[in-house]
Amino acid sequence: MREKLAEIKAIEEDAKAQYTHTVNVCTAAGCLSSGAAQVKEALGKEVERSGLERWCQVKGVGCLGLCTAGPLVEVESQSAMYGHVTVEDTPAIVGGLNTKPVERLRVPTGTPFFLRQNRIVLENSGRIDPERIEEYIAAGGYSGLVTALTEMTPAQVIDEVTASGLRGRGGGGYPTGLKWTTVAKAPGPDKYVICNADEGDPGAFMDRSVLESDPHRVIEGMILAGYAVGASQGYVYVRAEYPLAIEHLKKAISQARRMGLLGRSVAETTFGFNIDIRLGAGAFVCGEETALIASIEGKRGQPRPRPPYPAEYGLWGKPTLINNVESFANIPPIIRNGGEWYASLGTEKSKGTKVFALAGAITNTGIIEVPMGTSLQEIVYEIGGGVPGGGRCKAVQTGGPSGGCIPDAYLDNPVDYDSLRSLGSIMGSGGMIVMDDSSCMVDVAKYFMEFCMTESCGKCVPCRVGTVQMYRLLDKISTGRATLEDLALLENLCDMVQNTSLCGLGQTAPNPVVSTLRYFRDEYIAHIEEKRCPAGVCKIHSSVAQTDSPSYAVAEVAQ
Amino acid sequence: MATNPRQSAVDPPSDDKRWRIVQAAMRRNGFRRDALIETLHAVQESFGYLDEESLRYVARSLRAPMSHVYGVSTFYHFFSLKPAGEHTCVVCTGTACYIKGAPGLLDAVGKEFHIGDGETTEDGKVSLLTARCLGSCGLAPAAVFDGQVAGKVNREAVVERLHAWQNGPAAVKASPESSPESEGSAVYA
Amino acid sequence: MNRGQVRIVTLKIDGKDVGARENETILEVARENGFDIPTLCHMEGLSDIGACRLCLVEVKGSNKLLTACVTTVQEGMEVTTHSPRLDSYRRMTVEMLFSERNHVCAVCVSNGHCDLQNLAVDVGLTHITVPYLYPKVSIDASHERFVLDHNRCVLCTRCVRVCDEIEGAHTWDLMGRGVKTRVITDLAEAWGDSESCTSCGKCVQVCPTGALFEKGKSVAEMTKRRTFLPYLTSMRNGDE
Amino acid sequence: MSRTILIDPVTRIEGHAKITIHLDDNGGVEDAFFHVTQFRGFEKLCEGRPFYEMPSLMARICGICPVSHLMASAKACDALLAVQIPEPAANLRRIMNLAQVVQSHALSFFHLASPDLLLGMDSDPTQRHIFGVAQNHPNLARDGIRLRQFGQQIIEWLGGKRIHPAWVVPGGVSEPLSAERRDQILATIPEARQIAIRTLDWFKTVMDDYREEIRTFANFPSLFMGLVNSEDNSLALYDGHIRIVDATGHIVADRLDPTDYPAYVEEAVEPWTYLKFPYYKPQGYPGGFYRVGPLARLNIIEKCGTPLADQEWAEFRSLERGAVLSSFHYHYARLIEILYGVERMEELLNTPDILSTHVRAYAQPNRSEGVGVSEAPRGTLMHHYRIDENGLIQTANLIIATGHNNMAMNRGVKQVARHFIHGEKIEEGMLNRVEAVIRTFDPCLSCSTHAMGKMPMDVQLIGPDGRVLDSVKRDA
């Protein structure tokens, strides 16, 4: 198999060498929605028209990162990146191939956005055609798998993962090596590997980007996991809202199967492994592992209490390893380069790099990958280019509905699992929403509570009813009808829902409220006492003078 | 009828060819009950929504309790038990889109067309839906018009697009061939 | 269930040393030893789902509260079943239930024989501090013998489980999600039209409130018989 | 210059209302209105509920006379089942109903009305209440409390609790009477009888002091309506036929089927009050207005049916040649009914099969419509339900005693106002008489408007230009 991979690599390199120019068009979902497909087609026609087809290839590649400037086109030979490219621009780009890059379209690449990143998970994003396994192989893909299967025992694979210090990238930050060890040790012949690609956090699109741009990396990571823990079947649970990611994934799985990298005999060894795709259907709670398992089993996506953990009792009651897309995507380079290499990156307790999706009031929206420990300051102001128009960054929201808002004053903190937690937020899956002064923190908290309320599965009482009650209180505050008693009630509910809910969704649902109360309590007070919204977002009722104090009928509990 | 019910399907409710797609999805999964969600995806893809007849058929074919099938169908927001309008507009309500004005878009559609999330205009032309983050945060606020994602949309553009749908269906029906420019003028801010 | 050798473990509940079989849950052991832990979704003879969160207990060494009905005991475990914090959470949880639907004990068929009402008394819930949600929900009286009143449903799913696990009909299930979750029969049709319902009435008997009741019962007249359940369960399991 | 007086709320009545008195340019009363300002949605909130819940649910309309609603409601439900309930069950219901009448009448007379009678219409309003009575006339106050306790105790013994017992069910009652309970009740009867006699005797002695009030308190010709015993035309509070007599005491209509009430009773609506105006259909609106309640009942019957009460009734009817017309005599009639109630309970408790265990008829609903009519302390009470095929209430219509009396109360207010109010200066005692006329009817506004929540009442003085000139507002 090693020879086969080498051969493919050689063929690919030869083919590429024939071309003087390679024009990469980002065809990930972000750029597609601003017309990348038409641009790619026009570039192809233009190349043909200019008779350059023998010297120039036009290639669809995965995410180039700077979504805000899409559609993005990169000419490798000229080290030129073009942004906001339209069909009209294509003759100029092709015309400039043998002369000079088209300056008016260029996106500067000497900026911190590109220079400060350290791309491991995203190493192939925007470089290879995600729909061709050959390009992944040519970029070194599957070599780690072959090495592991032929030269390492499953225990050694786990040792490397443990040595890397990799922690779950889905948000929890549980040590990946430890999880793998538990599943490997669990008794029984049937085990499963599940890739959680149900990226549901609003504002997070890292996993989508990885699946669209480099699906084989995830597949390779899963096969390695299967080998390490002794599973022969894997599932990718992916959101139905990501059609392009699903398409690329499907294609990648069938390519890997044809290549002998999936199936009864993976890479000509006795190890057999298969991967099937299971589609989500629009339920955020299915990101929770027990709910995800229920969903794969064809049931309502309702979580169950843990323990027992899926590592012991998972899919169909069998030991099951669940990691998210980014975690699996980190595995191939760890096996290829060794756990120690990975552990040399990042901070003491948070190793390696982390992919973030930058969005909101920030100049450079898009996908970035930075070493753990990079400060929020650097991410927001340098890599992200700050708030457009030079405005003030009021807060950064991390961790989605389970996370919190970190105010400007704390942005010099390094980004790692523990420091974010100490700030009252969480790493989450990596969505980062930057907010400026036009955002009202009460409104933001209400937004997330509305999210949790509608995404609550309804199984446990605190989450099912508590989120509704908290949402109503927030609504009352934001419309200027609340009293300080309501605020106290809200805080009580936060505490109760956090501590008594069945699963992570409920346990973390109050986080946005708690964190905004911690840093922006004055905004709550302004809504309550002064009946005004400092950011001018909330519509305060005109008749707020009459705070409604409904005489709640005493529950007729007594007989 | 079949000797082994596990291997053969229950007869579909009608001769409609689309049932074959549904049957194929079930067969691919060995008519196992756990393939319910996959099967419902196939039904929705083929028929646009899940009606009672199809739910009954799926329940019988997979030998799943009807209440279970109904419970699953209504748990996941992706499934719809009502037919959608001729055109659908999906407004993303992810965080980035929210802080960049998604509520205003919904508000504008609500005021102009009197429809809320999950509702269809009386003439059956336009359905409004919301999505929990399309992952197009870089282009917030984003909306999907008949399957085509549009970024950085504003209230006027959305209303204009929906009016065009209502007034001249054929003329503006989004097609993949339409150039980004013509689209841009209508939708992008 | 308990085939083969079962080890005995010792643990502390509220400071008292107790012995237990290793496959028992905290709830079972606590109840055997006379400790009271409130429950609502739990029902002896049915599977446990840990949904009502009333049986949460503190376990030394765990920073999270654990669900007594599904957590098995471990050697050396130190369990606290009552503390000011637990009591307060339980009271708030019951309060949430009262605020969720339209519970009016006074005119309820189950008044005086209601698990939810008893819980309110047990946890000391005297009044509701949160607003009632007042959902507009329907009542299904289409069945010849029974009535389903969504106003009083607490979504404990005892009916769903008894119908699935004991009767084997799986007539009941849940539809929707979150606070909009409702129990349904078949394709959310009228109960009286259900093809799968055997009219056995087990769902009615296990329902903790007046959500499911027999027709012809007037206020406070609906008492539930549940002794059949452990017997049926052990018969199903083939126990002695 | 003309003005309007506002009394808000009217005190010592059940529920909340206000009175507006319009004065003309000379300070004379031009018009006066009795407004019921509360609204209850009971008929609405019953829709969709199983009819089996109706007795208990409907009883929640009122915490004063829940038993009356239990009776009418249970009878409507019996009609839906299409069963004739066992006679012992009917007798047990009768006993509870009488206990209710006794305690409610006691409340009206002793707690609400007696301060006016004992302390005087013009006495200090800060003392004019039951506590003032207790201070100055401790024996009478104690009697009142005892009598009310007597009634309530019987209700509790029968139904398990004093307020809102769930014992009365469609088809009968849920539990038979035990011998001990019967004996317990019987043992309390002598004292109650003594109190009733004592109070009647006292009332007759003070009646003369209130000649002016008797003459002006809603003293006018009207029709009178109520149930009479189908067999001997005696006083009937639980069942019977409807009889209507006119001011001369002549029977206008007799042996009307109560369940057929829509054939002869219609309701008119006025925009200024939530209370409707029922009237006797053949005589039209507003001419066909009538009075119900104790006064009406004693005007339509041919005897009470118990020895002591019959004597008192004969004396009462001798006050006037035809029907007794002054609403002031509602008080008198109330006392006679208390006596009747105590006597009749004793008779019923001694019927041979009162301890029978067959007290409930079981059936599926067999009719889609059911009407139940009984006499509440304040007058005829009608419950009318329509159910769907599953036994859920589709519509409910209630006509309550106070509703029947609405027109009479309005006319009474006008009559009293015209008589007592003159000029610009309004004396408190004048206003008290305006309220007192309302009090004679012992209106239960909570019941009659099926209101939700608490409610106060006020009196308003409005000029011809519509301006509110003066108002007396009282919190509940």
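The values are calculated or read from the model by the stated rules, or taken from the named source; none is laboratory data. Quantities reported herein were computed from a predicted structural model and do not represent experimental measurements. Positions of Cβ are backbone-derived with ideal geometry, glycine not excepted, and every protein chain shown enters the neighbour counts. These accessible areas exclude ligands, DNA and RNA; they are computed on the full protein's heavy atoms, side chains included. Shrake-Rupley method; radii C 1.70, N 1.55, O 1.52, S 1.80 Å.
Restricting the search to the stretch C:146-189, which residues are polar (S, T, N, Q) and open to solvent by 10 Å² or more (accessible area, probe 1.4 Å)?
C:ASN151, C:THR157
Against the definition (at negative phi, open to solvent by less than 30 Å² (accessible area, probe 1.4 Å) and among the acidic types (Asp, Glu)), how does A:GLU41 come out, yes or no?
In short, no.
Considering only residues that are in contact with a Lys or Arg (Cβ under 9 Å, 6 or more places away or on another chain) and either surrounded by fewer than 24 Cβ atoms within 10 Å (Cβ to Cβ) or within 12 Å of chain B (Cβ to nearest Cβ) (or both), which ones fall in the stretch A:208-228?
Of everything in the stretch A:208-228, those that are in contact with a Lys or Arg (Cβ under 9 Å, 6 or more places away or on another chain) and either surrounded by fewer than 24 Cβ atoms within 10 Å (Cβ to Cβ) or within 12 Å of chain B (Cβ to nearest Cβ) (or both) turn out to be A:ARG208, A:VAL210.
Residue-wise test of (1) open to solvent by less than 20 Å² (accessible area, probe 1.4 Å); (2) touching a Lys or Arg at 6+ places or on another chain (Cβ under 6 Å); (3) among the polar types (S, T, N, Q).
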residue	(1), (2), (3)
D:ARG367	no, no, no
D:ASP388	no, no, no
D:GLN394	no, yes, yes
D:ALA417	yes, no, no
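Going by the conditions given, is A:GLY385 in a helix (DSSP H, G or I), open to solvent by 30 Å² or more (accessible area, probe 1.4 Å) and on the phi > 0 side of the Ramachandran plot?
Working: in a helix (DSSP H, G or I): no; open to solvent by 30 Å² or more (accessible area, probe 1.4 Å): yes; on the phi > 0 side of the Ramachandran plot: yes.
No.
Mind listing just one residue for me: the one in the stretch A:44-59 that is touching a helix residue (DSSP H, G or I) at 6+ places or on another chain (Cβ under 6 Å) and outside any helix (DSSP H, G or I) and, of those, most open to solvent (accessible area, probe 1.4 Å)? Lay out the reasoning, then the answer.
Within the stretch A:44-59, the subset touching a helix residue (DSSP H, G or I) at 6+ places or on another chain (Cβ under 6 Å) is A:46-47, A:50, A:53, A:56, A:58.
Pick out the ones that are also outside any helix (DSSP H, G or I) and you get A:50, A:53, A:56, A:58.
On the way: A:SER50: 55, A:GLU53: 91, A:CYS56: 7, A:VAL58: 42 Å².
The extreme case among them is A:GLU53.
Checking the conditions here, which among A:ARG104, A:ARG116 is under 28 Å from A:GLY403 (Cα atoms) and open to solvent by 50 Å² or more (accessible area, probe 1.4 Å)?
Result: A:ARG116 is the single residue among A:ARG104, A:ARG116 that is under 28 Å from A:GLY403 (Cα atoms) and open to solvent by 50 Å² or more (accessible area, probe 1.4 Å).
Could you please give the count of residues in the stretch C:84-102 that are more than 7 Å from every other protein chain (Cβ to nearest Cβ) and open to solvent by less than 20 Å² (accessible area, probe 1.4 Å)?
Residues meeting the conditions: 5.
Those residues that are under 19 Å from A:PRO243 (Cβ atoms), charged (D, E, K, R) and over 12 Å from the mean Cα position of the chain (by Cα), I need them from the stretch B:29-53; list them, please.
Across the stretch B:29-53, the qualifying residue is only B:GLU38.
Hey, can you tell me all the residues within the stretch A:9-58 that are among the charged types (D, E, K, R) and within 14 Å of chain B (Cβ to nearest Cβ)? Step through it out loud before you land on a result.
Residues of the stretch A:9-58 that are among the charged types (D, E, K, R), as a first pass: A:9, A:12-14, A:16, A:40-41, A:45-46, A:48-49, A:53-54.
Within the stretch A:9-58, A:LYS40, A:GLU41, A:LYS45 qualify.
Among the residues of the stretch A:161-194, which ones are more than 19 Å from A:SER350 (Cα to Cα) and among the aromatic types (Phe, Trp, Tyr)?
Selection gives A:TYR192 alone.
Which pairs do you get when a residue that is surrounded by 16 or more Cβ atoms within 10 Å (Cβ to Cβ), found in the stretch D:179-193, comes within reach of a residue that is not in a helix (DSSP H, G or I), reach meaning Cβ atoms under 8 angstrom, with the pair 6+ apart or on two chains?
Filtered contacts from the stretch D:179-193: D:ARG182/D:ILE354; D:ARG182/D:LEU355.
Determine if the stretch A:68-86 includes at least one residue that is open to solvent by less than 40 Å² (accessible area, probe 1.4 Å), farther than 30 Å from B:GLY135 by Cβ, in contact with a strand residue (DSSP E or B) (Cβ under 6 Å, 6 or more places away or on another chain) and outside any loop (DSSP other than H, G, I, E, B).
For the stretch A:68-86, residues open to solvent by less than 40 Å² (accessible area, probe 1.4 Å), farther than 30 Å from B:GLY135 by Cβ, in contact with a strand residue (DSSP E or B) (Cβ under 6 Å, 6 or more places away or on another chain) and outside any loop (DSSP other than H, G, I, E, B): absent.
Taking the stretch B:43-53, which residues are away from chain C (no Cβ under 11 Å), open to solvent by 10 Å² or more (accessible area, probe 1.4 Å) and at negative phi?
Going through the stretch B:43-53, the residues away from chain C (no Cβ under 11 Å) turn out to be B:43-49.
Right, trim to open to solvent by 10 Å² or more (accessible area, probe 1.4 Å) and you get B:44-49.
Within the stretch B:43-53, B:GLN44, B:GLU45, B:SER46, B:PHE47, B:TYR49 meet the criteria.
Mind listing whichever residues of the stretch A:438-464 are in contact with a Cys (Cβ under 7 Å, 6 or more places away or on another chain) and over 17 Å from A:SER501 (Cα atoms)?
Listed by number, the residues that qualify are A:CYS440, A:MET441, A:VAL442, A:ASP443, A:VAL444.
Can you tell me how many residues in the stretch A:301-354 are in a loop (DSSP other than H, G, I, E, B) and not hydrophobic (A, V, I, L, M, F, W, C)?
Number satisfying all stated conditions: 22.
Just to verify a result, which residue in the stretch A:298-308, among those that are in contact (Cβ under 8 Å) with a residue 12 or more places away in the chain, open to solvent by 30 Å² or more (accessible area, probe 1.4 Å) and among the charged types (D, E, K, R), is farthest from A:GLU199 (Cα to Cα)?
Within the stretch A:298-308, the subset in contact (Cβ under 8 Å) with a residue 12 or more places away in the chain is A:300-306.
So of that shortlist, the ones also open to solvent by 30 Å² or more (accessible area, probe 1.4 Å) come out as A:302, A:304, A:306.
Now narrow it down to the ones that are among the charged types (D, E, K, R): A:304, A:306.
On the way: A:ARG304: 20, A:ARG306: 22 Å.
Going through the qualifying residues, I end up with A:ARG306.
Having 3 or more residues that are more than 14 Å from chain C (Cβ to nearest Cβ) is the bar; report the helices (runs of 4 or more DSSP H) wholly within the stretch A:405-515 that clear it.
A:417-422, A:441-455
Going through the stretch C:103-121 one residue at a time, which ones are surrounded by fewer than 16 Cβ atoms within 10 Å (Cβ to Cβ) and not aliphatic (A, V, I, L, M)?
Within the stretch C:103-121, C:ASN118 is the sole residue that qualifies.
Counting only residues that are acidic (Asp, Glu), give me the strands (runs of 3 or more DSSP E) lying completely in the stretch C:8-76 with at least 1 of them.
The qualifying strands (runs of 3 or more DSSP E) are C:16-21, C:56-59.
Please determine whether any residue of the stretch A:365-376 is outside any helix (DSSP H, G or I) and either among the charged types (D, E, K, R) or closer than 30 Å to A:LYS459 by Cβ (or both).
Taking every residue of the stretch A:365-376 in turn, at least one turns out to be outside any helix (DSSP H, G or I) and either among the charged types (D, E, K, R) or closer than 30 Å to A:LYS459 by Cβ (or both).
Does at least one position in the stretch D:359-374 carry a residue that is under 27 Å from D:PRO190 (Cα atoms), away from chain C (no Cβ under 14 Å) and part of a strand (DSSP E or B)?
Yes, the stretch D:359-374 contains at least one residue that is under 27 Å from D:PRO190 (Cα atoms), away from chain C (no Cβ under 14 Å) and part of a strand (DSSP E or B).
Can you tell me which of A:ALA311, A:ALA357 is of a type outside the set (S, T, N, Q), in contact with a Pro (Cβ under 8 Å, 6 or more places away or on another chain) and either modelled with pLDDT under 95 or surrounded by 24 or more Cβ atoms within 10 Å (Cβ to Cβ) (or both)? Step through it out loud before you land on a result.
Working: A:ALA357 fails: in contact with a Pro (Cβ under 8 Å, 6 or more places away or on another chain).
None of the other options fit; the residue is A:ALA311.
Does C:THR157 satisfy the condition of being within 21 Å of the chain's Cα centre (by Cα) and polar (S, T, N, Q)?
Spelling it out, C:THR157 is indeed within 21 Å of the chain's Cα centre (by Cα) and polar (S, T, N, Q).
Mind checking which residues of the stretch C:115-168 are of a type in the set (S, T, N, Q) and at the interface with another protein chain (Cβ under 8 Å from one of its Cβ atoms)? Can you show your working first?
Kept after step one, since they are of a type in the set (S, T, N, Q), are these residues of the stretch C:115-168: C:117-118, C:126, C:129, C:138, C:142, C:151, C:157.
Matches in the stretch C:115-168: C:GLN117, C:THR126, C:THR129, C:SER138, C:SER142.
What do you reckon, is A:ASN330 more than 30 Å from C:THR67 (Cβ to Cβ), among the polar types (S, T, N, Q), touching a Gly at 6+ places or on another chain (Cβ under 8 Å) and in the same structural domain as A:LEU166 (by TED's automatic domain parsing)?
Here the answer is yes, as A:ASN330 does meet what is asked.
Limited to the stretch C:187-204, what total is found for residues that are farther than 18 Å from C:LEU155 by Cβ and either in a loop (DSSP other than H, G, I, E, B) or of a type in the set (Val, Ile, Thr) (or both)?
Of the residues in that region, 11 qualify.
If I go through the stretch C:25-50 residue by residue, how many of them are open to solvent by 10 Å² or more (accessible area, probe 1.4 Å) and touching a residue at least 24 places away in the same chain (Cβ under 8 Å)?
12
Which one of these does C:THR227 not meet: (1) more than 17 Å from C:HIS143 (Cα to Cα); (2) of a type in the set (S, T, N, Q); (3) at pLDDT 95 or above?
Status for C:THR227: all satisfied but (3).
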